1. Give me the angle, in degrees from 0 to 90, between the Cα long axis of helix 96-107 and the longest principal axis of the Cα atoms of the chain, rounded to the nearest 10.
2. What spacing in nm lies between the two simple spin-label points modelled at residue 52 and residue 112, each 7 Å away from Cα in the Cβ direction?
3. Of 54, 39, 107, which is the most mobile in a GNM of the chain whose springs link Cα atoms less than 10 angstrom apart?
4. Could you work out how far helix 55-68 tilts from the main Cα principal axis of the chain, as a 0 to 90 degree angle to the nearest 10?
5. Using a probe radius of 1.4 Å on heavy atoms only, what accessible surface per residue do you get for the chain? Whole Å² is fine.
6. For residue 83 and residue 103, FRET efficiency with R0 = 35 Å and r from the beta-carbon atoms, rounded to 0.05?
7. Going by the alpha-carbon gyration tensor, a ≥ b ≥ c the square roots of its eigenvalues, is segment 68-116 rounded (a/c under 1.5) or, if a/c is not under 1.5, prolate (a/b greater than b/c) versus oblate?
8. Of (i) 56, 46, 25; (ii) 75, 41, 17; (iii) 61, 30, 23, which is the value of Cα extents along the principal axes in Å derived from the coordinates here?
Amino acid sequence: MLTLIPHRPSIPAAGGISHFAARIVAPAANALSPRPPLDVALILDRSGSMGADDKIDLAKRAVLSAIELLGPRDRFAIIAYDNKVGVVVASGPASREAKQAARVAVDALQPRGGTNLHGGWQ
């Protein structure tokens, strides 16, 4: 359910900017039926600018945290990009062994190069 709460009780008649707070409440999960398996690709920016302010460490931690949430029926891949795009972990099942191998591979990533954002998306 999505609820929008206006910052002010009215919207300007002449137009302009109105600010709202959004409250999003997900429906309750059905405990009787398991969720379908996920197939995700996680994309990590490893360009040179990620070396400032521990950005690369935060990004790597986010990728590894996401992988830990996956179950054995799920699949994942990890792609890293700077001025080049590379497959860090090819798509495969989220087994315990695959997660451990992903930790090692992601930990080894270091900032380098420029930013080929389009290539990372592609």
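1. Computed tilt is about 90 degrees.
2. 2.2 nm
3. 54
4. 90 degrees
5. Details: 8660 Å² over 122 residues.
Value returned for the chain: 71 Å² of accessible area per residue.
6. Rounded to the nearest 0.05, the efficiency is 0.85.
7. Prolate, because a/c is 1.5 or more and a/b exceeds b/c.
8. Looking at Cα extents along the principal axes in Å for this model, the match is (i).
The values are calculated or read from the model by the stated rules, or taken from the named source; none is laboratory data. Small disclaimer: the values here were computed from a predicted structure and weren't measured. Don't worry about glycine lacking a Cβ; one is built from the backbone with ideal geometry, like all the others, and counts go over all protein chains shown. Accessible surface is based on the protein model in full, side chains and every heavy atom, while ligands, DNA and RNA are left aside. Shrake-Rupley method; radii C 1.70, N 1.55, O 1.52, S 1.80 Å.
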